[in-house]
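Attaching a single structure in C-alpha cells format; questions to follow.
What follows draws every value from the coordinates through simple rules; no lab data is involved. Not measured: the values here are computed from a predicted model.
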Amino acid sequence: MNYEEASKELEQIVNKLENGNLPMDEALKLFERGEELAKICFNHLDNAKGKLTVIKAELNKLTETDE
C-alpha cells in the first residue's frame, strides 16, 4: 500500500470515528486499522526523509567540488 492510499483510508476512518455514531466493536476495529495505516504512512515518510538526506548529501558534494 502506498502513502496516498494509506493516508486516504486513514482520513476516512478518522471521519467515521469523529462522527461518533458507531458501535464500540466497530469503533475499536477502525481504531486498530487506523493505527496500522498510521504506521504505514510514517514508514513511507521515514523512507522519503532518508532518500532526501542522501540526495542532499550528494548535492553538497557536487557543489563543494565546483568551488
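Can you work out the Karplus-derived ³J(HN,Hα) for every residue in the stretch 43-48? Use 6.51 cos²θ - 1.76 cosθ + 1.60 with θ = phi - 60°, whole Hz, and x for glycine or proline.
4, 4, 5, 4, 4, 5
Which of the lysines could a cross-linker span from LYS49 if the Cα-Cα distance has to be under 21 Å and same-chain partners fewer than 8 positions apart are dropped?
Result set, ordered by chain and number: LYS8, LYS39, LYS61.
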